[in-house]
Amino acid sequence: MPLWEQLGLLLLLSAVLVAVLVWIPTRRRRRDPQERERRRRLAVNQTGRPGEAIVIEVQDGTVYYSYTVRGVSYNAAQDFSSLKEFVPEDPERMIGPARLKYAINNPANSILFCEEWSGVEPVVRVSR
């Protein structure tokens, strides 16, 4: 095979390789922020370590809380606008002690509730 054919074949293979390397990352579906947050909550729930928290404030669909892990204090917030069924009808009732779960490798990554677990007092809904 002449040298120019070998170079042409090498150039063609290089172009195909570059096209495949560009195509693979773009074909992955990007998740919207709500889906990423839901997956984060579920991951912390499945692998997280339990702890104690103090709910400080509840305002505009967000709960603010603080907790201490291994002597380090953390202040955090969790949006519960997509988790209304897990929150008391009067969200102010959450203020006070609560349970939380936090990621073992990153204690700042924590949750008070998710789709499968709740660290706040049980919600009792009365059907009307």
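The values are calculated or read from the model by the stated rules, or taken from the named source; none is laboratory data. What you see is a predicted model, and the numbers here were worked out from it, not measured in a lab. We place every Cβ from the backbone using ideal geometry, glycine too, and count neighbours over all the protein chains shown.
Tell me which residues, restricted to the range 84-112, are modelled with pLDDT of 90 or more, within 21 Å of the chain's Cα centre (by Cα), assigned to a loop (DSSP other than H, G, I, E, B) and surrounded by 11 or more Cβ atoms within 10 Å (Cβ to Cβ).
Ile104, Leu112
Does Arg39 satisfy the criteria of being modelled with pLDDT of 95 or more and closer than 16 Å to Trp117 by Cβ?
Details: modelled with pLDDT of 95 or more: no; closer than 16 Å to Trp117 by Cβ: yes.
Judged against the criteria, Arg39 is not a match.
Please verify whether the range 90-101 includes one or more residues that are touching a Ser or Thr at 6+ places or on another chain (Cβ under 9 Å) and under 14 Å from Leu42 (Cα atoms).
Scanning the range 90-101 turns up at least one residue that is touching a Ser or Thr at 6+ places or on another chain (Cβ under 9 Å) and under 14 Å from Leu42 (Cα atoms).
Go through (1) over 18 Å from the mean Cα position of the chain (by Cα); (2) touching a residue at least 12 places away in the same chain (Cβ under 8 Å); (3) farther than 16 Å from Ser110 by Cβ and name the single condition Gln34 misses.
Single failed check for Gln34: (1).
Just a yes or no: is a residue in the range 72-82 more than 16 Å from Ile111 (Cα to Cα) and modelled with pLDDT of 95 or more?
yes
Within the range 11-29, can one find any residue that is under 28 Å from Ile111 (Cα atoms) and either under 18 Å from the mean Cα position of the chain (by Cα) or surrounded by 10 or more Cβ atoms within 10 Å (Cβ to Cβ) (or both)?
Checked against the condition, which is being under 28 Å from Ile111 (Cα atoms) and either under 18 Å from the mean Cα position of the chain (by Cα) or surrounded by 10 or more Cβ atoms within 10 Å (Cβ to Cβ) (or both), the range 11-29 yields at least one hit.
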